[in-house]
Number of protein chains: 2
Amino acid sequence: MSSRTSHRSAPAHTHPDDVAVQTALAALADPVRLRLVRELAKAEDWTRTCGSFDVPVGKAACSHHFAVLRAAGLVEQRDEGARRLNRLRRAEFDARFPGLLDLVLREDG
Amino acid sequence: MSSRTSHRSAPAHTHPDDVAVQTALAALADPVRLRLVRELAKAEDWTRTCGSFDVPVGKAACSHHFAVLRAAGLVEQRDEGARRLNRLRRAEFDARFPGLLDLVLREDG
DNA sequence: CGGAGTGTAAGATCGGCGTCGAACACTCGC
DNA sequence: GCGAGTGTTCGACGCCGATCTTACACTCCG
């Protein structure tokens, strides 16, 4: 058999090119998601797991927020063993919405 | 007394500089408001009245949306006689959130 | 195998926002 | 002054989204 590590269904991703502006704006308009994106931006790619973020919500809500970010083309997720690693889609998202990511990241440092 | 045309209380404006990113994003994340902003962008300053927009909502809701846009520093309003004229705060808003307005206006032409 | 860790899914709740209808305020023109 | 036109305010309603709790699935490790 494929000796790959995961039998889990890979999460459904949406490419930024297929995302409407409204969706992108709505995704970033939430305080929790904004924190996730900003914190994710400071980290190396594929280093942060879903539960490693300092947000004032339970893990279920956090999982939900990552699903929204995924659907907005903002993050990419990859399964590695029991953990699900994340990566901010900087270049792709910026190509689709030039300046938007810079804008939300530059705010408040 | 002051012989000015209006006894009406001038609407309270918020300068883009005093607006949080979240507020700006949330303001633009609504479909109706997005239409208002886009349509307003195509028009000359101080030419469009609140009720002259082709949006699928009643005038009460429309008035509400303009209040939100005002609070987000996106539009400026001025009373002229019985009508309330609008203007998109292009330069000021773009100075505060570089590229954001261009982004939402470039979409869909 | 069995337990610990991690993430998702389902169901329920709750608050907020968008909407409407009606009432009110103001301006203009007759 | 009176009516028409324009816009805001208020109360109520409905819906969507954010959250929690619980239960389940999967992986790693002892």
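The values are calculated or read from the model by the stated rules, or taken from the named source; none is laboratory data. Keep in mind the model is a prediction, meaning the values are calculated, not measured. When we count neighbours, we look across all protein chains shown, and the Cβ atoms used for this are built from the backbone with ideal geometry, even at glycine. Heavy atoms of the whole protein, side chains included, go into the accessibility calculation; ligands, DNA and RNA do not. Shrake-Rupley method; radii C 1.70, N 1.55, O 1.52, S 1.80 Å.
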Note down all Cβ pairs under 7 Å where the first residue falls in segment B:10-37 and is within 14 Å of residue B:67 (Cβ to Cβ) and within 14 Å of DNA strand D (Cβ to nearest atom), the second is acidic (Asp, Glu) and outside any loop (DSSP other than H, G, I, E, B), and they're at least six residues apart or on different chains. B:10/B:79; B:13/B:76
Options B:38, B:33: the member that is open to solvent by less than 50 Å² (accessible area, probe 1.4 Å) and either away from DNA strand C (no atom under 13 Å from the Cβ) or aromatic (Phe, Trp, Tyr) (or both): B:38
For segment B:52-100, what are the residues that are more than 16 Å from DNA strand C (Cβ to nearest atom) and aliphatic (A, V, I, L, M)? B:88, B:91, B:95, B:100
Only one of B:43, B:10 is surrounded by fewer than 11 Cβ atoms within 10 Å (Cβ to Cβ) and over 10 Å from the mean Cα position of the chain (by Cα). Can you tell me which? B:10
Restricting the search to segment B:88-109, which residues are away from chain A (no Cβ under 12 Å) and open to solvent by 40 Å² or more (accessible area, probe 1.4 Å)? B:90, B:91, B:92, B:95, B:109
If residue B:44 satisfies all but one of (1) among the charged types (D, E, K, R); (2) within 15 Å of DNA strand D (Cβ to nearest atom); (3) without any contact (Cβ under 8 Å) to a residue 12 or more places away in the chain, what's the number of the condition it fails? (2)
Working only within segment B:26-46, note down all residues that are more than 14 Å from residue B:103 (Cβ to Cβ) and either within 14 Å of another protein chain (Cβ to nearest Cβ) or not in a helix (DSSP H, G or I) (or both). B:26, B:30, B:31, B:32, B:33, B:35, B:36, B:43, B:44, B:45, B:46
Segment B:1-49: number of residues that are touching a helix residue (DSSP H, G or I) at 6+ places or on another chain (Cβ under 7 Å) and at pLDDT below 95: 1
Within segment B:51-109, which helices (runs of 4 or more DSSP H) (wholly inside it) include 1 or more residues that are of a type in the set (Phe, Trp, Tyr)? B:59-71, B:90-96
